[in-house]
Structure formats: structure tokens, C-alpha cells
Amino acid sequence: ALPRDSAFAKIKTKLSAFLKHPLSLLLIGAILSSYLIPSWTRQWQNQQAELSAKIELLNSIDKASTQMIMAIQYVRVRAQSQSQADYDNAYRQWQIDKQVIRSKLEAYYPGSKLVAHWNQFSERLDKFYVISGSSNPADSRIFIDNFEAIRRILYDSKDKLNKSILNTRISIFS
């Protein structure tokens, strides 16, 4: 045990002598300033950029889906403030927003299940739209009887997707 203890004592003595020298403090400061601090700053900036990208994506998802669900809701209550042209425009905008959001998800999260979850959610919302405008009396009855439940399922699905997005790292920041 003595040779190891004496080797440790020699290393400790040399390290102590090195750290007492004024140039060693300068060297350590230079290393911290040149490498560690910029690395920490870059990590912090990346986290901020990732959070901003996620917030922008969540805002897009919330806005697009809520506008479409509200347009469908106006059909349900036969709102006079929404014309057929307004309804058609809401659907047209939903189709555009849906593809933009899908592209962002594919870019931010390649190979993840988030794109599949988005596709599933948007297909459900498309079906909700289709049944809302059906002239088939059976479809109309299903739409009227189940409107609140379907709407709640859509919002719950969207919220679950949003949580998954928040909990998944964007690939360019990984």
C-alpha cells in the first residue's frame, strides 16, 4: 500500500504546486472562458430556440384546429354569422394549415410517431367536417347526437399531441 500512497502524495504535491503558480490560474481562466462558458451559452441558446420553435408549432396547431372545430360548431348551432362561403373558407384554410403543420412535424421530428399522431388527429377532424355537412339523415343525427363527445375527443387528442411535442426533443437540437 505504500507505493500507491507515495505516488498519490507525489501527484498531490505536483498538482498543489501547479495550482499555486499564478500562470496556472490564468490558464484555467482561459480554458473556462474559451471553451466551457461558450458551450454553456450555446446550450442555453439552443434550449431557448427549441422552446420558441415548439411554442410556435403548438400555437399553429391550436389555432388551426380550433378555428375548424368552431366552424363546425357554427354549423351545429346554425349560426347566422357563418355563411356557406365562410364554412368553405374555414375548411380550405384548415387543409392548408394541416399540411404546413405536418411538414413542420416531419422536419422537426423525423422518424418520430408525432407525424402519425398528427395525421390521425387531422383525419378525425376531416371526418367530423364531412359528417357535419352530410345530407344523409342518419349522418346528421349522429352529428347532432354526438357533437359534444366528438368535439371533446378531438380536443383531448390535440392536447395529448401537444404534450408529446413538448416532451420530445427537436432533432436539430439533439
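For the range 96-145, which residues satisfy the criterion of being open to solvent by 70 Å² or more (accessible area, probe 1.4 Å), part of a helix (DSSP H, G or I) and closer than 19 Å to LYS163 by Cβ? Residues satisfying the conditions are ARG102, HIS117, GLN120, ARG124.
Taking the options GLY111, GLY133, name whichever one is out of contact with any Phe, Trp or Tyr (no Cβ under 7 Å at 6 or more places or on another chain) and on the phi > 0 side of the Ramachandran plot. Before the answer, list the steps.
On the way: GLY133 fails: on the phi > 0 side of the Ramachandran plot.
The unique qualifying residue is GLY111.
Check whether at least one residue in the range 134-145 is under 18 Å from LEU58 (Cα atoms) and not charged (D, E, K, R), and report yes or no. Among the residues of the range 134-145, not one is under 18 Å from LEU58 (Cα atoms) and not charged (D, E, K, R), which makes the answer no.
When the range 63-82 is filtered for residues that are without any contact (Cβ under 8 Å) to a residue 60 or more places away in the chain and surrounded by fewer than 16 Cβ atoms within 10 Å (Cβ to Cβ), the ones remaining, listed by number, are LYS63, THR66, GLN67, MET70, VAL77, ARG78, ALA79, GLN80, SER81. Selection of first residues in the range 130-150 that are closer than 22 Å to SER83 by Cα and of second residues that are among the basic types (Lys, Arg), restricted to Cβ pairs under 6 Å at least 6 apart or on distinct chains, gives the following pairs, ordered by first then second residue: PHE147/ARG76.
The values are calculated or read from the model by the stated rules, or taken from the named source; none is laboratory data. Keep in mind that what you see is a predicted model, and the values were worked out from it rather than measured. Glycine also receives a Cβ, built like all others from the backbone with ideal geometry; neighbour counts cover every protein chain displayed. Side chains included, ligands, DNA and RNA excluded: accessible areas come from the protein's heavy atoms. Shrake-Rupley method; radii C 1.70, N 1.55, O 1.52, S 1.80 Å.
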